[in-house]
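Taking it in order: structure first as structure tokens, then the write-up.
The values are calculated or read from the model by the stated rules, or taken from the named source; none is laboratory data. Everything numeric here is computed off the predicted structure, so don't read it as measured data. Methodologically, a virtual Cβ is constructed for each residue, glycine included, from the backbone with ideal geometry; neighbour enumeration extends over all protein chains shown. Remember, those area values only see protein heavy atoms, side chains included, never the ligands or the DNA or RNA. Shrake-Rupley method; radii C 1.70, N 1.55, O 1.52, S 1.80 Å.
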Amino acid sequence: MTEINRIATDKRRSRAVVYNGMVFVGGQTADDRSQDIRGQTLQALAKIEKFLADASTDKSRLLTAQIWIKDLAKDFAGMNEIWDAWTAPGAAPTRATAQCEMGAPDVLVEIIVTAAVR
């Protein structure tokens with residue numbers, strides 16, 4: 001049986017789960033929510049990079065991403081600017097982006113990824 005490794009687990013959730021050669025990173029948001037979409041996207045991606053490293057992988061191994069934005073009309077271009085600079089060249093994952101009501105009013109973006117483990 002393949003072992004399940006849970007990373008940064010509390011009563012409600014794990015921040016990442018490694019199973020069967022894949023890491024599932026739960027939704028990541030910015031800690032400093034006073035930032036604009038670019039700042040919040042950078043922070044969320046930095047957290048994702050940390051959890052990928054904790055799972056012995058990196059952004060070049062991304063398989064898929066889900067990006068939730070509070071206001072697509074206002075913030076889609078700014079988020080994409082940061083995303084495009086962050087993704088590994090030639091290794092863009094599949095991706096879906098949608099607008100949604102966030103869990104807190106000052107959250108502008110939340111990002112979920114799945115990656116292959118090395």
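Values for this structure:
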| read-out | value |
| --- | --- |
| Residue in region 83-92 that is loosely packed, with under 13 Cβ neighbours inside 10 Å and on the phi > 0 side of the Ramachandran plot present | yes |
| Filter result (among the hydroxyl-bearing types (Ser, Thr, Tyr) and open to solvent by less than 60 Å² (accessible area, probe 1.4 Å)) within region 44-70 | Thr57, Ser60, Thr64 |
| Count of region 8-43 residues which are open to solvent by less than 70 Å² (accessible area, probe 1.4 Å) and out of contact with any Phe, Trp or Tyr (no Cβ under 6 Å at 6 or more places or on another chain) | 17 |
